[in-house]
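S.K.: Got a structure for you, questions after.
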Amino acid sequence: MHEKRISLYVIFFVNIYVHGIAAQIQDGQCPSPGNASILTCCLNYIDIGGECIACQPGTMGLNCTRRCPDGFYGQFCVKPCDCPPTQRCSKAFGCVHIGRNRSRGEYCSA
């Protein structure tokens with residue numbers, strides 16, 4: 001019985017310690033791979049003015065430098081995009097209608 005009580009106390013204090021550390025880490029911050037005591041921006045976040053900000057929709061990766069792969073869109077590029085022939089997949093917004101008068105741009109052949 002005594003060992004069970006000690007185990008419960010250990011679990012309780014470890015839980016408080018872990019949650020206390022997690023409360024100090026802001027969203028988007030991760031321990032540095034080389035030194036866990038140094039926090040850096042996680043994958044899919046970028047450092048802007050000392051704050052880790054989530055990548056804009058349509059971008060991903062280390063410092064948000066990669067565009068979504070074909071067939072995916074949105075924040076962190078996790079949403080699948082399967083558009084009908086009258087639409088195209090915007091890496092930021094998903095399926096969008098193709099404009100008739102558009103003569104140049106990323107998705108135009110002219």
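S.K.: Name the pairs: first residue in the range 39-55 and within 19 Å of Arg67 (Cα to Cα) and modelled with pLDDT of 95 or more, second residue of a type in the set (Val, Ile, Thr) and surrounded by fewer than 18 Cβ atoms within 10 Å (Cβ to Cβ), Cβ to Cβ under 7 Å, at least 6 apart or on different chains?
M.R.: Tyr45/Ile53; Ile46/Ile53
S.K.: Would you say Thr65 is at pLDDT 95 or above and not aromatic (Phe, Trp, Tyr)?
M.R.: The answer is yes for Thr65.
S.K.: I would also like to ask the following. Residues being within 21 Å of Ser32 (Cβ to Cβ) and in a helix (DSSP H, G or I): count how many of those fall in the range 46-75.
M.R.: Number of matching residues: 3.
S.K.: Hey, another quick one. Check the range 94-103 and report whether any residue there is on the phi > 0 side of the Ramachandran plot, surrounded by 13 or more Cβ atoms within 10 Å (Cβ to Cβ) and modelled with pLDDT of 90 or more.
M.R.: There is at least one residue in the range 94-103 that is on the phi > 0 side of the Ramachandran plot, surrounded by 13 or more Cβ atoms within 10 Å (Cβ to Cβ) and modelled with pLDDT of 90 or more.
S.K.: How do the pairs read when you match residues in the range 72-83 that are more than 16 Å from Ile53 (Cβ to Cβ) and in contact (Cβ under 8 Å) with a residue 12 or more places away in the chain with residues anywhere that are among the aromatic types (Phe, Trp, Tyr) and assigned to a loop (DSSP other than H, G, I, E, B), using Cβ under 7 Å and keeping only pairs 6 or more apart or on different chains?
M.R.: From the range 72-83, the pairs are Tyr73/Phe93.
The values are calculated or read from the model by the stated rules, or taken from the named source; none is laboratory data. Predicted model only: the values in this text are computed from it and were never measured. Note that each Cβ is placed from the backbone with ideal geometry, even for glycine, and that neighbours are counted across all protein chains shown.
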